[in-house]
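Working notes, beginning with the structure itself.
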């Protein structure tokens, strides 16, 4: 990783814009103002990047990044892991930031504006990996995410990874998935561009209880 600047970070060959970067400020001037905590790249993203680098999905498989925010994880998966990526967020104003990250990294991702409850079986067909970072921050999101996880497994999604710094709603979700879907929680760490850790809820289709 190169030395960080006020406007740009890099990790695993991916350029990462900061809130002070001219490109981000230009989007803000165009009235793209994220409304659902989509105002920066959250640190659990860096932990998941490291995890996926050592535990990658099959090349050319499909990954759906739910609650994608600025799209850093989507861009990393598309460019460095050679995955076909669909970046989904409930906030239409955040998707231009995801597309911007794809553009500055010379890669391609699809974007869709959908809430968790609106992601149905036909959206999930052909998806190998469903992933979400820092998306279970309100109590009301926990049941929506649990039912989305169940729909994904029923649609044939092979693995689901939800990362969080350890909030209460996430623990409620992980407890429910451990009890009913044979999920597990692993703690992982990153050193760059900041030192941090995150809890990863991992659910694999092959390990479902029968």
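The values are calculated or read from the model by the stated rules, or taken from the named source; none is laboratory data. Bear in mind that the values here come from a model prediction, so they are computed numbers and not experimental data. Because the Cβ atoms are built from the backbone with ideal geometry, glycine has one as well, and the counts that use them run over all protein chains shown.
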Exactly one of (1) touching a helix residue (DSSP H, G or I) at 6+ places or on another chain (Cβ under 8 Å); (2) free of Cβ contacts under 8 Å to residues at least 40 places away in the same chain is unmet by residue 48. Its number? (2)
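Each row is one residue, and each column tells you yes or no for (1) closer than 22 Å to residue 55 by Cα; (2) touching a residue at least 24 places away in the same chain (Cβ under 8 Å); (3) within 14 Å of the chain's Cα centre (by Cα).
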| residue | (1), (2), (3) |
| --- | --- |
| 77 | yes, yes, yes |
| 80 | yes, yes, no |
| 94 | no, yes, yes |
| 100 | no, yes, no |
| 120 | no, yes, no |
| 126 | yes, yes, no |
| 130 | yes, yes, yes |
Considering only region 160-183, I want to know if a residue exists there that is on the phi > 0 side of the Ramachandran plot, modelled with pLDDT of 95 or more, assigned to a loop (DSSP other than H, G, I, E, B) and exposed (fewer than 15 other Cβ atoms within 10 Å of the Cβ). no
Taking the criterion of being modelled with pLDDT of 90 or more and under 18 Å from the mean Cα position of the chain (by Cα), would at least one residue in region 16-24 satisfy it? yes
Only one of (1) over 23 Å from residue 165 (Cα atoms); (2) touching a helix residue (DSSP H, G or I) at 6+ places or on another chain (Cβ under 6 Å) fails for residue 70. Which number is that? (1)
For residues that are out of contact with any strand residue (DSSP E or B) (no Cβ under 8 Å at 6 or more places or on another chain) and buried (at least 18 other Cβ atoms within 10 Å of the Cβ), tally how many sit in region 98-131. 2
Counted residues in region 97-150 being in a loop (DSSP other than H, G, I, E, B) and closer than 25 Å to residue 188 by Cα come to 6
Of all residues in region 156-176, how many are closer than 10 Å to residue 201 by Cα and in contact with a strand residue (DSSP E or B) (Cβ under 6 Å, 6 or more places away or on another chain)? 7
